[in-house]
Every structure is written in C-alpha cells, then in structure tokens.
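In what follows, a single structure is set out as structure tokens and then discussed.
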Amino acid sequence: MNIDFINLKAQYHAYKQDIDSEIAKVLESSAYVMGESVRELEINLARFCGCKYARAVSSGTDALLLSLLALGIKSGDEVITTPFTFIATAEMIALLGARPVFVDINERTYNIDVDKIRTHITPKTKAIIPVSLYGLPADMDSINAIAKEHDLAVIEDACQSFGGLYKGRKSCNLGSQTIRSIGVTSFFPSKPLGCYGDGGAVFSNDEKLDSQIGSLLNHGQVARYSHKYIGLNARLDSLQCAVLNVKLKHFENELKIRQELANAYNSGLKKIDSQNYRLILPYIPESYVSAYAQYSVRLSPKAPDAQYPLSQKILQDKASKRDSLLKALQEKGIPTAIHYPIPLHLQESLAYLGYKVSDFPTSEAVASEIFSLPFSAFLNKDEQDYIISTLSSELQKL
Ligand SMILES: *Cc1c(COP(=O)(O)O)cnc(C)c1O
C-alpha cells in the first residue's frame, strides 16, 4: 500500500466541480487582487470563529508579522513564546529586532507551560505568543490572566488549530476583552484548512487593531495612496480566497471525520504493546477539541527516563530509534514526518539568543520522540488499519 501523508488530491477531487467553477469566476472577473471573494472569505472566517473581525492575508508568517506590528512590538522588546513550534513563531519576533524569550512546554499537551511563564516576565516583556500545537488550543484563559496582570498583549498562534475548540470557543478567537488580543492562522495546504498555495488570516474583536491590520497588510494605506503606517504587501489573492470559500463549506464535516479518525487511531494504537517501547498518544484535556493538524505520537522507551535534562547521548539514542522505525514504515509505504526535530532554542538562526542544550528539557525530550502519522479527512479505513497493524509489527522489532 502507498499512502499519502495528507491526501490533498482526494480532497480536490471531492470538491472539484465547485472549486473549478469558483476559480473560473475569479478568472473571468479579472479582480485578481482584493476581489469579491476576499471580503466574502473574511466574513465567512469571522462567522466561523464567532469573532468580529477577520483579515485574509498572504501567509501565517505574515499574519504573525502584521499582528506584532499592529501591537507595536519593536527592537528591544521581549516576547514570550515556546521553543517547540515551527520557526515562524519566533522568527517574526526576531525579524522585528525584538527578543523571543522561550518558556518550556507541558509534557502532555506540548503547549507552553503556563506555570513557567511568570518567572520569564521582565519590564521589557510586551506580549505572549502561545502556540496551539498540532491543533490543540493552548490554555488561553490562564495565559490571558497572566497577560492582564502584567499588561501584556497575546497573539494565539493558531496556525495549526483552525477548527479547534477551547471550553466551547473557537481557536483563533480565544482572546479576552480586557487585554489586546489577536489570533492568527495559516492556510498552507497541509494545515487543517488549506488553500492552493500560501495563505493565512488575522482575527480580532478590536476595531482599532483590525483596521490597523487592514492598513498594514496593504502598505499601511488608509485611503488610496495615503499611507499612515510602514506596512507590507500581505494581501491574499482572490483565487486563494475563492478556493477557501468552497473548502470552508465542507470544513465542519471534515473536522468531524478528523475526530473519528483520531479516535480510531487512539483505540487501535492503544492496544499495541512491545517489550521495550510504548507509544504515547495525543492527550486532549477535558473541554478541549483538537483540530488535529497532525496526529503525532511519541516513541518512548518503557524503562523510566533518567532525570531531566536528558543527556545528549540519551536524546540521540531516542532519535535514532525513532529514525529506524520511520525508515521501516517508509519501506512499507507509510510516510511520516517529525514536527519538530530541533527545538527553536537550538536553531542556528537563533544562536545569538544565547540559549544552550538542556535549557528546555521537555521540548528536547519530546523533539527526540515525536513523529506524525498520515492524517487527513481523506485517509480511508483500510489505509488506517494498515498503518496501525504495520506500526504494531514494526514496534515489536525495536
Ligand atoms: C505553519 C505555521 C506557521 C506559518 O504559517 P505559513 O502559512 O506557513 O507562513 C506559523 N506557526 C505555526 C505554529 C505553524 O504551524
């Protein structure tokens, strides 16, 4: 069997008629930039998340950059975030000359450990960017409360969690009225809601922030050729918006299927046992719903771990065991991915921050064990059964 990691082609074929005709409409309209589909998408997105404002933008990365700009983050400021995320989260902070200040993750949710945030707040701290990793919202109420205490802004990096829920509220709209808060997401093709190229969105409930972001994404323009801010070109094309408007109609249904598939993975993988290794399955706290951007598990030795921080030798042994498992799966037609093998505090581009190995032991340990299995609303039952049984037999061999 040859399985797709994310079956985007099957999704396209399922909605092809609608997608092709909406694309054709944009082509005929010749309004390729800021066409009707853009405004329509923004209305649909805001409605989906139950928030007042949404702006379609060119990528999740630009959504982060625009949010930081709108919040006035500048050189010398500090912004608290997690080292266990995609580079863009910290990269946009650094690009503005501000300092990403990392706080380790919770060992079960893989999201920022809220109990560790306070000790990292200094007079220079201006904002917190929690990431809702793999589709599971961060503990936003606790984070918003800390932000309120210290007069900080919050940007939820919901690039992976569009469609996720936290206490009945939609990810991207988990801010608080009493602080400045923004949600950002990405429509990169492999995200829960993806377009056919790069795309993203910025969400808020604050009219001033929203109109500022609306200007910033279009060269800081407030009226034709009148530029109030230094901004950028971060508009989302009409074509991508047209595609997203179609896909959004099917999104609730896809989310339902994603839950069912995740549950099926959980119950199949739970039964797997081997002598030396176990799989740690996704942990979803009560009153949270993950959008399952990734279905990620950890290959963990049954023998109890040494004390954190784990030595380089132990971390490397874990990672190389995982590599051999993933290689065996690949040979059986099962692609996998690692999100993410190197925590951000150990990335070369961020070496100037001065962090070192062992600074964030939980992130380092999880990075050495985690891997993601094929997942999308178009993964079929036979494929999933094959993945579970192959994983089971390969695990026995470790
Ligand atoms: C994908 C992703 C981004 C960046 O989104 P792009 O659309 O690829 O620019 C940022 N943060 C996280 C957590 C992501 O997963």
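Structure above, values below:
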quantity: Solvent-accessible surface (1.4 angstrom probe) belonging to H150, in square angstrom, nearest 10; calculated: 80
quantity: Top of T61, T85, T178 by mean-square fluctuation, Gaussian network on the chain, Cα under 10 Å; calculated: T178
quantity: Computed accessible area, Y166, all protein chains, 1.4 angstrom probe, square angstrom; calculated: 0
quantity: Largest-first ordering by accessible area, 1.4 Å probe, given options D198, D210, D62; calculated: D198, D62, D210
quantity: Estimated FRET transfer efficiency (V222, A24; beta-carbon r; R0 35 Å; 0.05); calculated: 0.55
quantity: M1 - accessible surface, heavy atoms, 1.4 Å probe, Å² rounded to 10; calculated: 110
quantity: Solution diffusion estimate, µm²/s, Stokes-Einstein, segment 281-359, Kirkwood Rh from C-alpha pairs, 37 °C, viscosity 0.692 mPa s; calculated: 213
quantity: Cβ-Cβ FRET estimate between N263 and I230, R0 fixed at 41 Å, reported to 0.05; calculated: 0.30
quantity: Within segment 276-383, GluC sites (Glu not before Pro) in DSSP loop having at most 13 other beta-carbon neighbours inside 10 Å; calculated: E286
quantity: Accessible surface, 1.4 Å probe, highest first, among residues Y386, Y32; calculated: Y32, Y386
quantity: Stokes-Einstein translational diffusion, segment 135-254 - Kirkwood Rh over all Cα pairs, 0.692 mPa s, 37 °C, in µm²/s; calculated: 211
quantity: The chain, relative contact order [Cα under 8 Å, separation at least 6], %; calculated: 22
quantity: Alpha-carbon Rg with Dmax, taken over segment 64-160, Å; calculated: 11.9, 34
quantity: Cα shape, the chain, gyration tensor, a/c 1.5 rule; calculated: oblate
quantity: Value at 222 nm in deg cm²/dmol, rounded to 500, when DSSP H runs of n ≥ 4 in the chain each add -39,500 (n - 2.57); calculated: -12500 deg cm²/dmol
quantity: Separation in nanometres of the label points that stand 7 Å from Cα toward Cβ, at K271 and K16; calculated: 3.6
quantity: Rounded, prolate or oblate (a/c below 1.5 giving rounded, otherwise prolate when a/b exceeds b/c) for segment 246-329 by Cα gyration tensor; calculated: prolate
quantity: GNM top mover of H13, H339, H250 - the chain, alpha-carbon springs below 10 Å; calculated: H13
quantity: Lysine pairs meeting the criterion (Cα under 29 Å, 8 or more apart or interchain), as found in segment 207-311; calculated: 6
quantity: Solvent exposure, largest accessible area first (probe 1.4 Å, DNA, RNA and ligands not counted), of L279, L329, L239; calculated: L239, L279, L329
quantity: Model label zone, S190; criterion: amide N under 14 Å from point 7 Å along Cα-to-beta-carbon; scope segment 117-158; calculated: 134-135
quantity: Pairwise label distance in nanometres, K116 with I87, each label 7 Å out on the Cα-Cβ vector; calculated: 2.3
quantity: Within a Gaussian network of the chain (alpha carbon springs, distance under 10 Å), most fluctuating of A223, A56, A328; calculated: A223
quantity: Centroid-to-centroid separation of segment 231-309 and segment 154-183 [C-alpha atoms, Å]; calculated: 18
quantity: DSSP-defined beta bridges in segment 140-230 - what % are antiparallel, rounded to 5; calculated: 65
quantity: Derived scalar couplings ³J(HN,Hα) [segment 194-202; Karplus, 6.51 cos²θ - 1.76 cosθ + 1.60; whole Hz; x for Gly, Pro]; calculated: x, 9, 9, x, 9, x, x, 8, 10
quantity: Two-site FRET efficiency, D385 against S320, from Cβ-Cβ distance with R₀ of 22 Å, rounded to 0.05; calculated: 0.15
quantity: Net dipole in debye of the chain [+1 Lys, Arg Cβ; -1 Asp, Glu Cβ; about Cα centre; nearest 20]; calculated: 200
quantity: Rounded to 5, the percent of DSSP beta bridges in the chain classed as antiparallel; calculated: 65
quantity: Derived scalar couplings ³J(HN,Hα) [segment 165-176; Karplus, 6.51 cos²θ - 1.76 cosθ + 1.60; whole Hz; x for Gly, Pro]; calculated: 10, 9, 6, x, 9, 7, 4, 5, 10, 10, x, 10
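The values are calculated or read from the model by the stated rules, or taken from the named source; none is laboratory data. Since we're looking at a predicted model, the values are computed, not measured. Every residue, glycine as well, gets a Cβ built from its backbone with ideal geometry; the counts of neighbours run over all protein chains shown. Just the protein is used for accessible areas: all its heavy atoms, side chains included, with ligands, DNA and RNA removed. Shrake-Rupley method; radii C 1.70, N 1.55, O 1.52, S 1.80 Å.
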